[in-house]
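A short worksheet on the structure shown next.
Nothing in this text is a laboratory measurement; each read-out follows from the coordinates by a stated rule. Please read all numbers here as calculations on a predicted model, not as lab measurements. We place every Cβ from the backbone using ideal geometry, glycine too, and count neighbours over all the protein chains shown.
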Amino acid sequence: MESRFFEEVEKIDKVIEALHSIHKVLQEKPLIFTFRSLEEGGEKQVSETIYLQLNEAVINTGLVDFIDVELFKEESLIESLVQRAHKNNVFVIISNHDFEKTPAKDDMISRLIKAQELGADIPKIAVMPNTVADVIKLLDATNTMKEKFEDRPIITMSMGGKGVISRIAGEVFGSALTFGAAEKASAPGQMAVTELRQMMKLLHKNL
C-alpha cells in the first residue's frame with residue numbers, strides 16, 4: 001500500500017529536495033513546514049537532535065513561510081528554533097494536539113498563553129471532543145483567550161466529527177485559521193478543501 005506520508009524525513013537532503021519541488025508548485029502561496037511527532041498524532045518518532053536539525057535546515061532554505069514547533073518539546077529547543085526562524089523571517093506556530101480528550105478550559109488557555117510566552121507568532125491547540133460539551137468548551141476557551149489574553153492570532157480546533165463546527169465557525173470565536181484536506185485528511189474531522197471553501201463563503205456572507 002502506498003504511503004501518503006514522507007518516509008525519508010531523517011534524510012535532511014531528501015526533505016530539502018522535496019521542499020524545492022513543493023515550492024515550485026506553490027510559487028507565491030505560503031508554505032507551513034511541520035514534522036508531527038508520534039505522540040502528537042504523527043506517523044514517525046525521531047530524536048530531539050534530528051527534530052532540531054531538520055527544522056533548522058528547513059528554516060535556512062528560505063523556502064518556507066512558517067514552521068510548526070510542538071509546545072511540549074524542551075523549552076531550550078523551542079527557543080532556539082524561534083530565534084533562528086525569526087532571524088530568517090520565518091514565522092513560528094507553536095502547537096499542541098490532544099487526540100484523546102479535551103482538557104479543562106483553563107488548561108487550554110494556559111497552553112496558548114505559554115506558546116505566546118515562548119515567542120509563537122501563532123499559538124495553536126487542537127483537541128479531541130468526547131461529547132458535544134467538549135466542543136463548546138474549546139470554543140469558550142478560544143473566545144476567552146481572544147477577549148482577555150490574546151495579543152496575536154491563534155488557531156484552535158476541536159477534532160473528529162463532533163468538532164467539525166469548530167473548523168467551519170472557529171473564526172467567530174477567535175480562531176484565525178482553519179485547515180482543509182487537498183486529498184486525504186491529516187487529522188480527524190478535517191474537511192475537503194472544496195467543501196470547506198463553500199461553507200466559509202456561506203459563513204462570511206452572513207457575518
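Annotations for the structure displayed:
- Summary of packing: across the peptides 79-87, 167-175, the per-residue average of other C-beta atoms within 10 Å ranks them, highest first, as 167-175, 79-87.
- Calculated mean residue ellipticity, 222 nm, the chain: -14000 deg cm²/dmol, from DSSP H runs (n ≥ 4) at -39500 (n - 2.57) each, averaged per residue and rounded to 500.
- Euclidean distance between Cα centres, segment 115-174 to segment 192-207, Å: 18
- Residue order, fewest to most surrounding Cβ atoms within 10 angstrom, among VAL164, VAL135: VAL164, VAL135
- Remark: spin-label model distance GLU79-GLU100 equals 2.9 nm, labels positioned 7 Å along the Cα→Cβ axis.
- Here the 3J(HN,Hα) profile of segment 104-119, calculated from phi with Karplus coefficients 6.51, -1.76 and 1.60 at θ = phi - 60°, is 4, 3, 4, 5, 4, 5, 4, 5, 5, 5, 4, 4, 4, 5, 7, x Hz, Gly and Pro shown as x.
- Taking other C-beta atoms within 10 angstrom as a stand-in for reagent exposure, SER76, SER37 fall in the order SER76, SER37, fewest first.
- Rounded FRET efficiency, nearest 0.05, which uses the C-beta distance separating MET200 from VAL25 and R0 of 35 Å: 0.90
- Karplus (6.51, -1.76, 1.60) ³J(HN,Hα), θ = phi - 60°, over segment 41-46, in Hz, Gly and Pro reported as x: x, x, 9, 8, 9, 10
- From the C-alpha gyration tensor of the chain, square roots of 5λ in Å: 27, 20, 17
- Other-chain or far-sequence residues with amide H under 5 Å of THR102's (modelled H): MET128, ASN130
- For segment 76-83, the Karplus equation 6.51 cos²θ - 1.76 cosθ + 1.60, evaluated at θ = phi - 60°, returns couplings of 5, 5, 4, 4, 5, 5, 4, 4 Hz by residue, with Gly and Pro reported as x.
- Theoretical FRET efficiency, 1/(1+(r/R0)^6), r = Cβ-Cβ of LEU38 and ALA18, R0 25 Å, to 0.05: 0.75
- Overall form of segment 1-98: oblate. Here a/c, set by the Cα gyration tensor axes a ≥ b ≥ c, is 1.5 or more, and a/b is not larger than b/c.
- Proximity of backbone amide H atoms, modeled 1.01 Å from N, is registered between LEU177 and THR156 at under 5 Å, excluding neighbours fewer than 5 places apart on the same chain.
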